[in-house]
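Okay, structure first, notes after.
Every read-out reported here was derived from the displayed coordinates using simple, explicitly stated rules and does not represent laboratory data. Keep in mind that this is a model prediction, so the values were computed, not measured. So basically every Cβ, Gly included, is an ideal-geometry build from the backbone, and we count neighbours across all protein chains shown.
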Amino acid sequence: MKSVSEKKNPGSAKDGYLLWGLIAIELFMSFSFLGYIHIEPISLTFVYIPVLIAGCILGSKEATLVGAVFGVASMWKASAFYVGAGDAIFSPVMSGKPIQSILLSIGSRAFYGLAVGLLYQLAKKRKHPLGAIIFISTLGRSLHSFCVYGFMEFLFPEAGYTVADTLNEVKEWNYLLSVLAADLIVPLCYVFIKSDRTRKFLDRIHVIDEVNADIRRNRPAMAVLMALTILASFSVALYFINRIKRVLSQYGIDLSERVSYDLLHLQIQFLFGILSLAALVIIGIVLYQKNFNYLYYKARMDGLTGLHGRRQFFQIGERLLANMDQTGGERYGCFIILDVDEFKKINDKYGHPEGDRVLKEISDHLRQVFNHECLLERLGGDEFVIMIHYPIEKMEIEALLCRLRERIARIRVRENNVTCSAGVIPVEKYYTIDELYRSADRLLYEAKKKGKNQFAFGDRFRDQEFERST
């Protein structure tokens with residue numbers, strides 16, 4: 001198990017930045033020149049590539065979501081009077097069959113994302129996955145066309161499209177250019193994400209998110225801010241159309257309802273393109289800032305053991321106490337101070353390098369025994385602190401401490417085994433981190449008076465033991 005600062009969870013929020021980035025890229029490509037390049041005689045589409053990237057580097061669920069976003073964007077673009085009859089069936093407003101159009105626009109793209117996500121998942125299980133990833137990327141555009149034409153054939157048979165139309169698209173000369181782009185971009189993204197440098201960067205972001213637990217409480221406020229931003233964008237679009245109509249009316253040109261609608265429709269597309277670009281910039285700034293914060297955070301860690309430093313521990317500990325769940329009944333959190341028995345003798349007799357080795361090994365054992373929800377720190381010298389900020393019973397703590405004692409006993413300094421003693425105090429409501437520290441320190445002194453390799457528990461834990469014995 002690992003400490004808060006060491007936790008590595010591939011399904012954690014650090015991948016959320018990649019997902020939101022891909023969603024923003026999908027929207028930007030859907031509403032910009034980059035997604036659809038039409039320069040006669042060239043006509044290329046790249047808007048399906050973010051779905052492939054999501055399936056390759058994240059998973060099938062994420063690819064399904066990005067595919068659904070792709071579908072929503074295409075459905076919006078089809079909901080205008082200037083689109084052709086073939087595109088109108090993608091719009092629930094224009095087709096006359098709203099349910100079928102939603103299934104076609106969103107369902108076919110979401111299904112496409114799920115399919116490529118599962119295929120990439122199989123590819124990555126191979127001994128040499130890169131070749132299989134390139135193969136799936138090569139099929140990416142054809143698979144997208146197959147899904148869309150298949151849904152069209154089933155939902156809109158009167159339109160005359162069938163899955164056989166996929167072959168007609170493959171025969172187009174510019175099809176190869178789109179495939180080459182996918183074969184280049186998707187594998188490069190996979191190699192980039194899998195590189196040690198990128199994974200370390202994402203792990204840094206995750207560490208900062210874990211330390212800054214207040215981020216989770218700010219999510220509702222961020223959601224409200226995003227909703228207000230979107231509403232404000234719509235108000236800008238409406239104002240812009242109103243100004244256009246007034247300017248044109250000054251020149252004797254009156255716009256019909258259809259023309260006004262199409263202009264508003266295009267303006268909203270423009271705004272969503274700008275918003276998606278702004279989102280990408282914001283994500284980049286946030287990641288840069290978090291990386292900077294990590295470097296500052298790391299500089300405050302204990303250089304020898306990699307655990308939290310004294311000042312950092314007390315700051316984080318106060319916040320954890322304020323947010324700790326106090327509904328555990330007779331179960332409490334736990335504050336432990338632990339130090340090495342006769343550590344001064346180890347330094348004096350065998351030298352400081354040997355003492356440093358002992359401290360490093362003890363810190364490794366602390367990480368292995370106490371899970372990621374525990375806060376670990378080296379106060380200084382041979383003194384360590386463990387704060388368990390969730391309800392736990394004395395028997396559970398004793399089991400953890402016994403496991404730790406067994407591991408520490410394996411550390412040998414020449415012919416001697418290393419031992420430790422600890423003071424254990426329950427974490428209750430209204431305690432400050434400084435009060436817990438002083439109380440646990442008194443218990444540690446009490447344990448030392450009993451001899452080496454001893455644990456001393458605070459009053460509430462003693463009460464638990466008395467109740468069980470009676």
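Can you grab the distance from the C-alpha centre of region 79-94 to the C-alpha centre of region 265-289, Å, no decimals?
26
Using alpha carbons only, what's the Rg to Rh ratio of region 4-295 with Rh from Kirkwood?
On the way: Rg = 21.1 Å, Rh = 21.0 Å.
Radius of gyration over Kirkwood radius for region 4-295 works out to 1.01.
I'd like the Karplus ³J(HN,Hα) series for region 234-249: coefficients 6.51, -1.76, 1.60, θ = phi - 60°, whole numbers in Hz, and an x wherever there's a Gly or Pro.
5, 5, 5, 4, 5, 4, 4, 5, 4, 5, 4, 4, 5, 5, 5, 5
Would you compute, from DSSP H runs of 4+ residues alone, the mean residue ellipticity of the chain at 222 nm, taking -39500 (n - 2.57) per run and dividing by the full residue count, rounded to the nearest 500?
Values: 18 runs with 304 residues, N = 470.
Estimated from H runs of four or more residues: -21500 deg cm²/dmol.
From the phi of every residue in region 183-197, what ³J(HN,Hα) in whole Hz does the Karplus formula 6.51 cos²θ - 1.76 cosθ + 1.60 yield, where θ is phi - 60° and glycine or proline is x?
Rounded to whole hertz, the list is 5, 8, 6, 5, x, 4, 4, 4, 5, 4, 5, 7, 5, 4, 5.
How many nm separate the modelled label positions at Y261 and A85, each set 7 Å beyond the Cα in the direction of the Cβ?
Rounded to a tenth, the inter-label distance reads 1.9 nm.
How much length, in nm to one decimal, is gained on full extension between T138 and A164, taken as 0.36 nm per residue of separation minus their Cα-Cα distance? If you can, show how the numbers build up before the last one.
Values: separation 26, 0.36 × 26 = 9.36 nm, distance 1.86 nm.
Once the chain is fully extended between T138 and A164, it gains 7.5 nm.
Any idea how far apart A181 and H128 come out in nm if each label point goes 7 Å out from Cα toward Cβ?
Inter-label distance under the simple model: 2.9 nm.
Which ³J(HN,Hα) values, rounded to whole Hz and listed in residue order, are derived for region 375-380 from phi using the Karplus coefficients 6.51, -1.76 and 1.60 in 6.51 cos²θ - 1.76 cosθ + 1.60 with θ = phi - 60°, glycine and proline given as x?
These are the phi-based 3J(HN,Hα) values: 9, 10, 8, 9, 5, x Hz.
Which pairs break 24 Å Cα to Cα here: K97/K171; K349/K452; K345/K449; K394/K448; K344/K394?
Details: K97/K171 31 Å; K349/K452 19 Å; K345/K449 18 Å; K394/K448 20 Å; K344/K394 31 Å.
Correct reply: K97/K171; K344/K394.
If a paramagnetic tag sat 7 Å from the Cα of Y288 along the Cα-Cβ line, which residues of region 244-279 would have the backbone N under 20 Å from that point?
Residues passing the 20 Å test: 274-279.
Could you give the angle, 0 to 90 degrees to the nearest 10, between helix 60-78's Cα long axis and the longest principal axis of the Cα atoms of the chain?
30
Give me the log10 of I(q) over I(0) for region 21-142 at q = 0.22 Å⁻¹, as the Debye formula computes it from C-alpha points; what are the numbers?
-1.20
To the nearest 10 degrees, how steep is helix 352-369 against the longest Cα principal axis of the chain, on a 0 to 90 scale?
Here the helix axis deviates by roughly 60 degrees.
Label points 7 Å out from Cα along the Cβ direction at K449 and R319: separation in nm?
Using points 7 Å along Cα→Cβ, the separation is 3.8 nm.
Using the per-residue mean of other Cβ atoms lying within 10 Å as a proxy for protection, in what order, highest first, do the peptides 304-314, 159-169 fall? Provide the component values of the computation, followed by the final result.
On the way: 304-314: 18.4, 159-169: 14.3.
Per-residue Cβ counts within 10 Å, averaged per peptide and sorted highest first, yield 304-314, 159-169.
For helix 108-123, report the angle its Cα long axis makes with the longest principal axis of the Cα atoms of the chain; keep it between 0 and 90° and round to the nearest 10°.
Compared with the principal axis, the helix lies near 50 degrees.
Whole number please: convex hull volume per residue of the Cα set in region 310-469, in Å³? Walk me through the numbers before you get to the answer.
On the way: hull volume 17.8 nm³, N = 160.
Value for region 310-469: 111 Å³ per residue.
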